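Input: a single structure, listed below in structure tokens.
The values are calculated or read from the model by the stated rules, or taken from the named source; none is laboratory data. All figures in this text were calculated on a predicted structure; none of them were measured in a lab. Side chains included, ligands, DNA and RNA excluded: accessible areas come from the protein's heavy atoms. Shrake-Rupley method; radii C 1.70, N 1.55, O 1.52, S 1.80 Å.
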Amino acid sequence: MKYCRFQSDSGPRFGQIEERAGELWVASLIASPWTKDAETKDVEVEKKFAPRPLRELTLLPPVSPSKIICVGRNYRDHAKELGNEVPTEPLLFFKPPSSLLAPGGVIHMPRVSERVDFEGELAVIIGKRARKLGQNDDWRSYIHGYTLANDVTARDLQKKDGQWTRAKGFDTFCPVGPLVETDLDPETGLTIETRVNGDLRQHGSTADFIFTLPVLLEYITGAITLEPGDLLLTGTPAGVGPLAAGDVVEVSLPGLGRLLNPVQRDED
């Protein structure tokens with residue numbers, strides 16, 4: 001199933017996506033996938049809902065995670081392009097939920113940073129509580145679906161600080177969306193691309209992960225319990241680079257649409 005989350009006159013809603021004449025439409029409303037989410041299915045609202053093209057809607061981040069866990073240097077070429085060794089075990093860091101940004105939202109480059117980079121990634125949405133998974137566990141049963149993310153990074157601050165919290169955690173530094181697809185299989189090799197102002201900057205395949213999803217889930221849940229709706233960013237391929245005010249950055253993957261965000265320099 002493919003769906004999105006959008007702002008309606010009656011509040012945030014989830015909508016099932018269909019393709020009609022080559023264009024994506026929200027064909028119907030669906031219940032929230034998350035039982036603790038207040039955005040539940042409203043029969044009266046659904047009766048009044050008329051299908052609309054996706055482009056006409058104000059999209060929201062499709063998830064509200066309790067935490068965002070990211071994997072650094074999960075592509076060999078990306079590790080090498082920044083002069084880093086290829087890791088021998090997963091390199092993890094957090095982005096705060098306050099960094100989430102909706103599709104179309106503005107990425108704000110802070111004045112304290114002189115270089116802010118894009119990093120297009122496939123993101124995994126956790127479907128049920130996962131703790132201390134082992135090799136014999138069915139890792140796929142813990143995944144709800146997949147979406148796109150941009151791990152925006154203040155590269156100069158990342159190098160200066162030594163740890164990555166500030167560089168990765170500014171408000172607007174985690175664009176996510178626009179769609180969730182529950183039926184993808186990253187192990188088949190999914191092609192992810194990033195463009196800036198229409199120019200291709202990144203082109204990679206999930207077949208090139210250093211650490212596969214089952215390995216990542218076992219490693220992460222050995223230390224951190226994952227909850228439904230949590231977000232796992234799986235790493236970025238080679239080709240990362242700086243953004244400038246006025247740029248539009250686009251992350252895409254077949255089946256997940258295009259995550260577009262304009263860029264602006266903060267003045268305060």
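Numbers at a glance
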{"read-out": "For the chain, built as a Gaussian network whose Cα springs stay under 10 Å, the top-fluctuating residue of E121, E218, E250", "value": "E218"}
{"read-out": "Listed residues L217, L226, L24, most fluctuating in the chain (Gaussian network, C-alpha, under 10 Å)", "value": "L24"}
{"read-out": "Separation between Cα centres of segment 85-100 and segment 193-215, rounded to whole Å", "value": "16 Å"}
{"read-out": "Whichever aspartates and glutamates have a C-alpha closer than 15 Å to that of K132, once near sequence neighbours (fewer than 8 apart) are set aside", "value": "E218, E227"}
{"read-out": "Chain lengthening between V215 and V86 when straightened (0.36 nm per residue, less Cα-Cα)", "value": "44.8 nm"}
{"read-out": "Residue-averaged 222 nm ellipticity for the chain, from DSSP H runs of 4+ at -39500 (n - 2.57), nearest 500", "value": "-3000 deg cm²/dmol"}
{"read-out": "Rh (Kirkwood; distinct C-alpha pairs) - segment 193-268, Å", "value": "14.9 Å"}
{"read-out": "Cα-based Rg of segment 103-238 normalised by 2.2 N^0.38 Å, two decimals", "value": "1.10"}
{"read-out": "Fraction of accessible area attributable to carbon and sulfur, the chain (%, probe 1.4 Å)", "value": "47 percent"}
{"read-out": "Amide H within-cut-off set for M109, under 5 Å, with H built and near neighbours excluded", "value": "Q264, R265, D266"}
{"read-out": "Solvent-accessible area per residue for segment 115-268 (1.4 angstrom probe, square angstrom)", "value": "39 Å²"}
{"read-out": "Filter on K67/K168; K67/K128; K2/K95 - keep pairs with C-alpha separation over 23 Å", "value": "K2/K95"}
{"read-out": "Built amide H within the under 5 Å cut-off of L60, gap 5+", "value": "R5, F6, Q7"}
{"read-out": "Amide hydrogen neighbours beyond the local backbone of G241, cut-off 5 Å, H modeled", "value": "F118"}
{"read-out": "Anisotropy class of the chain from Cα gyration tensor, a/c 1.5 cut", "value": "oblate"}
